[in-house]
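The values are calculated or read from the model by the stated rules, or taken from the named source; none is laboratory data. Bear in mind that the values here come from a model prediction, so they are computed numbers and not experimental data. Cβ sites come from the backbone with ideal geometry, for glycine too, and all protein chains shown count toward neighbours. For the accessible areas, the whole protein counts, side chains as well, though only heavy atoms, and no ligand, DNA or RNA atoms are used. Shrake-Rupley method; radii C 1.70, N 1.55, O 1.52, S 1.80 Å.
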Amino acid sequence: MSPIILAVESIGLLAPGLAGWVASQSILTGEQPYSATPMPTPSAALLPANERRRVTGLVKLALHVAQDAITQANRDPRIIPTVFASSGGDSEVLDKICVALTLPDRPVSPTHFHQSVHNTTAGYWSIATGCRHASISLSAHDGSFPAGLREAATLAWLESAPVLLIAYDVPHPFPLSERRGIVAPFGVALLLNPAPGDQRLATLQLTQTAANASTVIADPGLETLRIGNPAARCLPLLQAIARPAGQRITLADDGNMGLLIEVQP
């Protein structure tokens, strides 16, 4: 992978103690201490009412941050390709299906069945926005964010067009939580543009590199969140974007590969 240069036009963010990009910048820069206050309830306001009632908290979280990023950039979501990255998909739906399979006659809900695929969120985004452009849904366990960023960067350069990256994960219900612990919900969306203009939060240069460790965070609370949710592995990148000086960070995947990112705010 040759170095790729991208502008970050906007960021959608929602997690405990991080209620939006603007409100979170002073926390990410260290000007204010991080406190894991309860996360505001995410909305899926773009969805029709019938669809909104059917979707789970995971889908609402992803659509909330995606809409936030698109609104900040004043972009038309119908023409923006997307990359959705989640380490495990919708565990709430998976749990309900597994429970149903233990019951007589195995009464799996048709709604839950069609929501069980990994690209469910992408489908609902398409319904909500009318977008018919390319969309990729991927999972790479704890390396899902850097994998999604790599995919979005490549797609942006291949298409010579902005791409919206959405990464999201939520805690699993019991008993799945015994096997896969996620400490808190976290959703982030970055609108990436290979043709930097006046509207940008930062410029990124991405280079694939051999790496078995990611940049860590000094704040104990944010570090706990970073290692406790695969989508939150983006936090060192968000910190670098929020700070006024340039910075170099590394995001490692689950193997021995990663991304070296030069950030120029």
Gaussian network model of the chain, springs between alpha carbon atoms under 10 Å - residue of GLU51, GLU31, GLU159 with greatest fluctuation: GLU31
GNM top mover of PRO236, PRO110, PRO81 - the chain, alpha-carbon springs below 10 Å: PRO110
The range 1-77 - charge dipole about Cα centre, Lys and Arg +1 at Cβ, Asp and Glu -1, debye rounded to 20: 360 debye
FRET efficiency, 1/(1 + (r/R0)^6) with R0 22 Å, evaluated for THR71 and GLU159 via beta carbons: 0.50
Value in Å of the Kirkwood radius, where the range 1-157 supplies the Cα pairs that are averaged: 17.3 Å
Debye log10 I(q)/I(0) for the chain, one point scatterer per Cα, at q = 0.09, 0.10, 0.15, 0.17 Å⁻¹: -0.38, -0.47, -1.07, -1.38
Segments 178-191, 91-104 sorted - mean Cβ within 10 Å per residue, highest first: 178-191, 91-104
Accessible area per residue, Å², the range 176-265 with all protein chains present, probe 1.4 Å: 43 Å²
Proportion of all alpha-carbon pairs of the range 112-168 beyond 13 Å (%): 64 percent
Given charges at beta-carbon only (K, R positive; D, E negative), |dipole| of the range 213-265 in Debye: 120 debye
Within-14-Å neighbourhood charge of SER10 [Cβ basis; K, R +1; D, E -1]: -2
Cα centre as origin, Lys/Arg/Asp/Glu Cβ charges: the range 171-250 dipole, Debye: 120 debye
Percent accessible area from carbon and sulfur atoms, the chain, protein chains only, probe 1.4 Å: 53 percent
Under the span-like rule (Cα at least 20 Å along the axis, Kyte-Doolittle mean at least 0.0), DSSP H helices of the chain: 57-73, 144-159
